[in-house]
Amino acid sequence: MPVSYEILFLRRDHHGPFIKLRACLDDRSIEIRIAVDEFTFKNLVEACSCGSTDPISGTKSRYFVEGPIGLSKSKAERKEGPFHLQLRIRWGDGSSKSKIECSLEFARNLLWLQRSSRLEDLEPLNWENFLS
């Protein structure tokens, strides 16, 4: 079963823009911090700020990063864009998907996250490591 990544929030600090994600696998989870370039950050903020609550059920939307779309090794090496990430939006009993344009660097990072099969692989990104 692959690791799932829920966006907890998008922020900016003295290091720059970042995403706090909850990585879940089976019954375990870890919260991690991922640096984001300005271009991808702007697109994610725009996508995650629309419709944060379902108007019918009143349920808050939850956003999950599902990985890069169509990123091949040769495409990445040639830096042929545009690059996109898949975002799943869940609310109540419903869900939808959205395609968000992102940078090559962020697409590569997502590919690495997508290939991680153990939460221990994500330990260097643990949120607790950045709280000082």
Lone unmet requirement of (1) at pLDDT 80 or above; (2) closer than 29 Å to Asn129 by Cβ; (3) in a strand (DSSP E or B) for Glu105: (3)
Identity of the residue in the stretch 24-52, over 10 Å from the mean Cα position of the chain (by Cα), closer than 20 Å to His84 by Cα and hydrophobic (A, V, I, L, M, F, W, C), that ends up surrounded by the fewest Cβ atoms within 10 Å (Cβ to Cβ): Cys50
Failed condition for Asn129, given (1) within 25 Å of Asp26 (Cβ to Cβ); (2) at pLDDT 85 or above; (3) outside any helix (DSSP H, G or I): (3)
Residue that is farthest from the chain's Cα centre (by Cα), among those in the stretch 2-15 that are part of a strand (DSSP E or B) and surrounded by fewer than 17 Cβ atoms within 10 Å (Cβ to Cβ): Asp13
Condition check for Phe18: modelled with pLDDT of 90 or more, surrounded by 12 or more Cβ atoms within 10 Å (Cβ to Cβ) and either more than 18 Å from Asn126 (Cβ to Cβ) or out of contact with any Pro (no Cβ under 9 Å at 6 or more places or on another chain) (or both): yes
Cβ pairs under 6 Å, 6+ apart, first in the stretch 81-110 and farther than 14 Å from Glu46 by Cα, second surrounded by fewer than 16 Cβ atoms within 10 Å (Cβ to Cβ) and aromatic (Phe, Trp, Tyr): Ser103/Phe39
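The values are calculated or read from the model by the stated rules, or taken from the named source; none is laboratory data. Note that the coordinates shown come from a computational prediction; the quantities given were computed from them, not determined experimentally. Don't worry about glycine lacking a Cβ; one is built from the backbone with ideal geometry, like all the others, and counts go over all protein chains shown.
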